[in-house]
Amino acid sequence: MKRSKKKNRIIAWLGVAALLALLPLVFRAPMALLVLNQMGTAIVLALSYNIVLGRAGLLSFGHAIYFGLGGFAAVRLLAASAAGAVAVPVPFIPLAGGVGGLIFALTFGSFSVKRTGIGFAMITLCTVELVVAAGSVLGRFYGGAADRTLAPAFFGFDFATEIEVYYVIAFWLFASLLAARRFLQTPLGQMAAAVRDNPERAAYVGYNPRLVRLLAFCVGGFFAGIAGGLFAINYEFVGGETISLTTSFQILMMAFIGGIGSFIGPVLGAIIFTLLQTVVSNYTGLWILYSGILFVAVARFAPAGLAGLIEMHAPAARAGRLGLLVRPYLAVGMPAAVCLAACVGLLELADHWRDAESWQLETSLYGLVLDTGAPLVWLGFGLVAVVAFGLARHGLPALHEAWHAAVVEDGKSN
């Protein structure tokens, strides 16, 4: 049994490696590679935060500090390598970011992990503002730019193309996934969860809760610094916005949407948030609003995140009863999607109407040219939203019955 599980894990990791290797062959467009590069960086960053919050239970509002300061260290080393002062190839640059993130996590964590809960959160909030304000004094260190193509070549590669940068990010993404998974299985990773759940009991059996929290916090800072190094390589520039409170909240959103505490959750959250930030933002300026709505919806209806929603279906899958949920899901999901599309249409109409002049009220939406000044357009979208919402609610009782038959009864039988 153990040998079979180990074999399955190896096959799964080989599948992840193959997927990362083949993605640029499927998505060949330059824009797609840019999105993939940003997505890989975001996944590593979300994984780092999941260690701090999901495993150690430390709600940090300042995680961007270790991402940004790690990026600063990486871009400085990259600039020095490009100038010939040191000979460090591009693939090794993220290590400088990791070390930088680790050092600053150890520095700030040494006093912040003395508290937990709201106290710790407030300390991190003050810390990020302190670090941002320090930029007025240490402005020359904060950020920088470098040309990665001037760094020493690595086996003939000068990383002038996006696909070469992608494989550097893919390597560090795979290594981070493997290392983070391994950390969660180590005694330290297990004890971090124990300290999160019951610090008094952990102290009673001889462990120092503060030390355990500090070590987990430093591990999260290291991976955040790795993400900062990948950011520096990808953009060849790191600015002060990487350490901002806004970036910290974006990291929190990625982890929370995907599912805090689940290993796959931050991966899902980072993918979705990156698509919103890169793809959806090309079509609408309201992507931040949609991100916020998604965050609120997950908090209200799926506190365990998207990964939690997937895991909820595991009993039905084991019992072979997922088929019972297909028709009820379609009966609720299709009108819900129409309702969502209508609500998005109303928001887009309102956004265009607010900014447009009186002679520029027409806008293109869903392939249609619509006049935002025409009451019938607004009435039509509103009517569609109301009707679709009613149809979705009408299908909920049947969905509840199917869920009870597929999941709850299976749980009772077990």
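Taking (1) surrounded by fewer than 16 Cβ atoms within 10 Å (Cβ to Cβ); (2) part of a helix (DSSP H, G or I) in turn, Val35 satisfies each apart from (1). Annotation note: of Phe171, Phe141, Phe120, Phe159, the sole residue that is surrounded by 14 or more Cβ atoms within 10 Å (Cβ to Cβ) and not in a helix (DSSP H, G or I) is Phe159.
With respect to the conditions (1) of a type outside the set (A, V, I, L, M, F, W, C); (2) more than 30 Å from Ile118 (Cβ to Cβ); (3) assigned to a helix (DSSP H, G or I), Gly84 falls short on a single one, namely (3). When the range 73-98 is filtered for residues that are within 18 Å of Thr161 (Cα to Cα) and surrounded by fewer than 18 Cβ atoms within 10 Å (Cβ to Cβ), the ones remaining, listed by number, are Pro89, Phe92.
Among the candidates Ala307, Ala255, Ala316, single out the residue that is in a helix (DSSP H, G or I), modelled with pLDDT under 90, in contact with a Leu (Cβ under 8 Å, 6 or more places away or on another chain) and not polar (S, T, N, Q). Unique residue meeting the criteria: Ala316.
Is it the case that Ser4 is assigned to a helix (DSSP H, G or I) and surrounded by fewer than 24 Cβ atoms within 10 Å (Cβ to Cβ)? Explain how you work it out, then say what you get.
Details: assigned to a helix (DSSP H, G or I): yes; surrounded by fewer than 24 Cβ atoms within 10 Å (Cβ to Cβ): yes.
Spelling it out, Ser4 is indeed assigned to a helix (DSSP H, G or I) and surrounded by fewer than 24 Cβ atoms within 10 Å (Cβ to Cβ).
Answer yes or no as to whether Leu177 is part of a helix (DSSP H, G or I) and either under 20 Å from the mean Cα position of the chain (by Cα) or not assigned by TED's automatic domain parsing to the domain that holds Gly220 (or both). In short, yes. Considering only residues in the range 155-178 that are touching a residue at least 40 places away in the same chain (Cβ under 8 Å) and among the small types (Gly, Ala, Ser), the one that is nearest to Tyr49 (Cα to Cα) turns out to be Ser176. Residue-level analysis places Phe231 outside the set of residues that are closer than 20 Å to Ile123 by Cβ and modelled with pLDDT of 95 or more. When the criteria are applied in full, Gly54 meets the requirement of being assigned by TED's automatic domain parsing to the domain that holds Ile103 and buried (at least 24 other Cβ atoms within 10 Å of the Cβ).
The values are calculated or read from the model by the stated rules, or taken from the named source; none is laboratory data. Predicted model, so just to flag it, every value in this text is computed and none were measured. Backbone-built Cβ (ideal geometry, glycine too); neighbour counts: all protein chains shown.
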